[in-house]
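Below you'll find the structure, written out as structure tokens, and then a few comments.
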Amino acid sequence: MRLAPPAPTRSSALALVLLAALVAGCGGGEDALFVRLDPAESGVAFENALAEDASFNILNYLYYYNGGGVAAGDVDGDGRPDLY
């Protein structure tokens, strides 16, 4: 008797699609959605510096590293990037 491989789940299919999109966008060519800019070039310097200690760390606070960052996009439609 021959056993068939298990059917893919929705989460594994979604993970595969996201991985393919990530790999496709990592070429760094002209069609890349994002380009890394040096802080001297962009004028934006951000560092998510977190001081860990015995009570405030990833083990005690699950979302310790979430939420720190800078986002840029033309939200108001004026043709200039808005920073959040």
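Modelled label-to-label distance, Ala72 and Asp31, 7 Å Cα→beta-carbon offset: nm?
Roughly 2.4 nm, to one decimal.
Work out the FRET efficiency for Tyr61 and Ser11 from their Cβ-Cβ distance, taking R0 = 30 Å, and round it to the nearest 0.05. Let's see the in-between values first.
On the way: r = 26 Å, r/R0 = 0.86.
Efficiency, rounded to the nearest 0.05: 0.70.
Can you give me the distance in nm between label points at Asp53 and Tyr84, each placed 7 Å from the Cα along the Cα-to-Cβ direction?
3.2
Laboratory data are not the source of any read-out in this text; all were calculated from the coordinates shown. Bear in mind that the values here come from a model prediction, so they are computed numbers and not experimental data. So basically every Cβ, Gly included, is an ideal-geometry build from the backbone, and we count neighbours across all protein chains shown.
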